[in-house]
Amino acid sequence: MAKILLVDDEITMVQMVCEVLRADGHEVFPFTSAHGVLEALTERHPDLVITDLYLDKTKAHGMEILQKARALNPPPACLMITGFGTVESAVEAMRLGAYDFLEKPFKLDELKLSIQRALNYTRTVAENTLLRRELKQRYGFHQIIGAAPPMQEVFRMIERVADTDATVLILGESGTGKELVARALHFNSRRQHAAFVPINCSALPENLLESELFGHRKGAFTGAINDKNGLFHEADGGTIFLDEIGSMPAQLQSRLLRVLQEREVRRVGDNVAVSVNVRVLAATNENLEKLVTEGKFREDLFYRLNVVPILMPSLRERAEDVPVLVAHFLRDKVHSRTGRPFQISRRALEALCRHNWPGNVRELENAIERASVLSESPLIKIRDLPPVVVQKIPTGEWDEPETALVAEFPQSSPGLIPGTATPQPDASPPKPGTAMPSHIVSLKRFIRDQENAYLNHVLKLTNQNKEEAARLLDISLATLYRKVAGEGE
Ligand SMILES: Nc1ncnc2c1ncn2[C@@H]1O[C@H](COP(=O)(O)OP(=O)(O)OP(=O)(O)O)[C@@H](O)[C@H]1O
Ligand SMILES: [Mg+2]
């Protein structure tokens, strides 16, 4: 139920509305003049503000209350009430962020419906903000791990071009993080609030890809039973990511070139073109220049796309990053999924560093996931690694003592940009020598680990904002602090 601040100078009306809303389970703070309202706004931080526009019959205090309320973070939903409703004041109130406008006399049902809609609306906005924040964290730079010089170059480029409309061509072998970079570019640009639309150009046959990208009119071809917008329309205001661009058929290359030149899209079977505002990012693991010389890729399209090239290094070229990547996957992926901390033996880590990773980071990530599933203890050892990684190590050398072999990792996720790593409260892994003999832990320990993992997840979602986290988790701030400090109930 919601916290509602109610302001009206008609005492009977305040009393009646107050009663009705309380009966519905809301917490109501009633006011019959503007006096004290502004203080209450900041102190109570209501979810909803219902205010009369003309208080004390003269001045439009309601507008001031509305402005103050909308300036709060997060802003409550606002409903304006007036007895002298003019179109102008309604428009002005909506412009200042009021959700709805009610003219007196109104029916109670009308008011209730408006309240319900306003509360649903703010809830959705809040959820979207959280989601976006989560996406940003997931695809912001912080999740692209790499300290080696070629990765530093990649980060510099991302930083330079993210918040521009430049077309970027991301080149690199399979599994080197091209899509991750595309997402980082979008989520660090002013287009972040609009859609990021990825499409794999090699996944569809030519005619389907064409209608997918540009849309079609009803009846344009057999099976086109409705008008359909294409992905370029969907990405309007945002970013389209053309993955595996090297596989785009010749005829579509020409159409794409026209879209890039003219910034307008014509649906299949349509005579009219519609202008779109879309940023284009493309990626390929093929050698596009070679495809150009072989006549398989249009040279003019290549130059259009290759405005800013970003070259992703293979993992072989940055083998020094293997340990930080392993630490990242153990901590951020395996630990969040299983709720259990894992470590890796020094010899297993050495084997990972020696492997040449034809599948790049994706192959390494899979190897770690697999090992965490196979491993019988929280310590990953040589025998848990994929056969290709350990094939050169004689099986006689596979048995390792569990003690004194644990690779040391920093407690926090390794930040890629120096100084961005923030230590997180985390369940510390068992110390060397005390590693658990099997994967069975006590129920209490299991529940605590799960709870810790979830707390960390929510704290991360809220950017470590403990008040917001406590609210989302529906526990008191004090309880949250106790839990974060690792004290039991
Ligand atoms: N630098 C990195 N830091 C952390 N994770 C990474 C990094 N690079 C890649 N990954 C992870 O590896 C996997 C593959 O990355 P991604 O899909 O971006 O690669 P890709 O270059 O697009 O591959 P493909 O050419 O096969 O489509 C993903 O799970 C991604 O999260
Ligand atoms: Mg990809």
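Details
- q = 0.12 Å⁻¹, the range 147-311: log10 I(q)/I(0) [Debye, one scatterer per Cα]: -0.52
- Gain on full stretching of the segment that runs from Ala319 to Leu477 - 0.36 nm per residue minus C-alpha separation: 52.5 nm
- The simple spin-label model puts a point 7 Å past each Cα toward its Cβ; for Arg95 and Arg160 those points are separated by 4.3 nm.
- Computed lengthening from Glu39 to Thr124, 0.36 nm per intervening residue step minus Cα-Cα distance: 27.9 nm
- Net charge in the neighbourhood of Leu41 (other residues with Cβ under 14 Å of its Cβ; Lys, Arg +1, Asp, Glu -1) is 0.
- Net +/- balance of residues flanking Arg95 in space, Cβ distance below 15 Å, scoring K and R +1, D and E -1: -3
- Distance (nanometres) between label positions extended 7 Å along Cα→Cβ at Asp24 and Lys290: 6.7 nm
- Cα-projected label distance for Val307 with Asn463, points at 7 Å along beta-carbon direction, nm: 2.9 nm
- Averaging 1/r across all pairs of distinct Cα atoms in the range 160-202 and inverting the result yields a Kirkwood radius of 11.3 Å.
- Taking Cβ atoms as reference points and 14 Å as the exclusive limit, the residues near Pro30 contribute a net charge of -3, counting Lys and Arg as +1 and Asp and Glu as -1.
- Filter on Lys3/Lys460; Lys333/Lys460; Lys3/Lys68; Lys3/Lys112 - keep pairs with C-alpha separation over 19 Å: Lys3/Lys460
Computed from the coordinates by the stated procedures, all read-outs in this text should not be read as laboratory data. Since the model is a prediction, treat every value here as computed from it, not as a measurement. Here the Cβ is made from the backbone with ideal geometry for all residues, glycine too, and neighbour counts use every protein chain on show.
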